[in-house]
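S.K.: For reference, the structure I am asking about is given below.
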Amino acid sequence: MKVFSKEEHLDTELNIVPIIDCFVMLICFLLFTAAFTQLVFLEAKMTSNTAAAAQKSRSELDQFRLVVTFEDQGLRLATTGNASNKLNILIPMGKDGYDFKALHAKLISLKSEFPERYSADIEFKMKQQRAVDYEKITSAIDSIRHLSDEEYSVLRVAQKKVKNLELNSTEKEKNRARGHGQARQEPARKPGERERGPEAALSRRGAGWNRITAAPDGLG
Amino acid sequence: MESTFKKHRHQESNFELQITALIDTLVIILIFLLKSIATDTLDVEQGKHMTLPMVFNGMTTGKGSRLDITAEAISWNGQKYLDLQGFDTKKPLNGDDGWKALNTAMDATVKQEQADKTFDGKLLLQADKKTPFPALQEVLRVAKSHGYKDIRFVGAKYN
């Protein structure tokens, strides 16, 4: 009978070759399947020229209509309707063409005045039509649709003016905890950190001018 | 002769492969890859030979028929129908046949989706960022005539 002594050395060896094989295969698989570019889309409805559709939207448009127009001189921002103060401003071309940052700033201040309006129309009235390309159209929709972007962080201040913002229960609770109405120093955020609190609710929901209508066929 | 053999055996027994550093590196690469994979990408393949514009925000989930515009071609759901030269949609290289084929393909898609009751008028438009407005206008007019009214402009998200 063989008796194992306590001091007997157990010679074990961990065979990690299979796991390395697995790792290598997994990395190859991930490299082939990885999507390093994240595709996103910006939605815009086409203008509808049917009488029924026109009638349907008339009541809202009679009150307030926001139109961003591509013109040869720049971007024109105009509001019409009973509920709006008539606005008609031209945002001139910047160094690199259309000034979407200025447009964004104007739209944020406009949104603080009309927080419950969401519709915006984009129109195109240029003689030099080739001056506008797909990139400019997406930039316009991007700057209209969302009021809070990392690159526009300096403009976030304007969002705090937004009134009558519909908050969910968690946000209301946070608002109460923060003591609304009291002047309070906002703690400095670290770079990349998301904005918190009720004033950020607008940006989290993407509640900019998010009902966008485009009129590329000139019917608008 | 016998002494030489013993010497060799002794050397082999001391051989040890140090692979800890290799495993460390592999694990780090693995974590990097897992982190960089976009888990909620749009359910659409990026079109070939095109540079998409960068956008800061946008929706990440959605479906629709896919229309691609590059300097050389217009494709519908991945199938090329028009051969272009420098985005010139007025004079496609394959003439009017290209437009007819595109119209027929769009019509077939719409009819098929209407029969399946899945048609919702949503169109995923992917175009090269330099696609001029007149080319977009022409293509969107055709899409609109087939009932596509919700245009989804696809772009690449800034990270």
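S.K.: Which Rg and Dmax, in Å, describe the Cα atoms of chain B?
M.R.: Calculated on Cα positions, Rg and Dmax stand at 27.0, 92 Å.
S.K.: Based on the alpha-carbon gyration tensor of the range B:73-132, what equivalent-ellipsoid semi-axes (square roots of 5 times the eigenvalues) come out, in whole Å, largest first? Numbers along the way, then the final one.
M.R.: Working: eigenvalues 115, 42, 11 Å².
Computed over the range B:73-132, the values are 24, 14, 7 Å.
S.K.: Once the Cα atoms of helix B:20-36 and of chain B are each reduced to a long axis, what angle between those two axes, in degrees from 0 to 90 to the nearest 10, is obtained?
M.R.: 10
S.K.: Take every Cα pair under 8 Å in chain B that's 6+ residues apart, average their separations, divide by the length, and report that relative contact order as a whole percent.
M.R.: Working: 184 pairs, mean separation 37.9, N = 159.
About 24 percent, as a whole number.
S.K.: Highest GNM mean-square fluctuation, chain B, Cα pairs closer than 10 Å: which of B:ILE28, B:ILE19, B:ILE69?
M.R.: For chain B, modelled as a Gaussian network with Cα springs under 10 Å, the answer is B:ILE19.
S.K.: Could you compute the net charge surrounding A:MET126? Neighbours are other residues with a C-beta less than 12 Å from the C-beta of A:MET126; K and R count +1, D and E count -1. Mind showing how you got there, number by number?
M.R.: Values: positive: A:ARG76, A:LYS125, A:LYS127, A:ARG130, A:LYS136; negative: A:GLU71, A:ASP72, A:GLU123, A:ASP133.
Counting the neighbours of A:MET126, the net charge comes to +1.
S.K.: Tell me the Kirkwood radius of the range A:86-139: reciprocal of the mean inverse pair distance over distinct alpha-carbon atoms, in Å. Kindly include the intermediate steps, with their values, before the conclusion.
M.R.: On the way: mean 1/r = 0.0773 Å⁻¹.
Kirkwood radius, the range A:86-139: 12.9 Å.
S.K.: In a shell of Cβ-Cβ distance under 12 Å around B:PRO53, excluding B:PRO53 itself, what net charge do Lys and Arg (+1) and Asp and Glu (-1) give?
M.R.: Numbers: positive: A:LYS136, B:LYS129, B:LYS130, B:LYS157; negative: A:ASP133, A:GLU135, A:ASP142, B:ASP128.
With Lys, Arg at +1 and Asp, Glu at -1, the net is 0.
S.K.: Name the trypsin sites (Lys or Arg not before Pro) in the range B:79-152 that are in a loop by DSSP and that have at most 13 other C-beta atoms within 10 Å, would you? All intermediate terms of the calculation are to be shown ahead of the outcome.
M.R.: Working: sites: B:LYS80, B:LYS90, B:LYS100, B:LYS111, B:LYS117, B:LYS122, B:LYS129, B:LYS130, B:ARG141, B:LYS144, B:LYS149, B:ARG152; in loops: B:LYS90, B:LYS117, B:LYS129, B:LYS130, B:LYS149.
Counting only loop positions with at most 13 other Cβ atoms within 10 Å, the trypsin sites (Lys or Arg not before Pro) in the range B:79-152 are B:LYS90, B:LYS117.
None of the figures in this text is laboratory data; all of them are computed from the coordinates on show. Computed from a prediction, not measured in an experiment: that's the story for all the values here. Note that we place each Cβ from the backbone using ideal geometry, even for glycine, and neighbour counts take in every protein chain shown.
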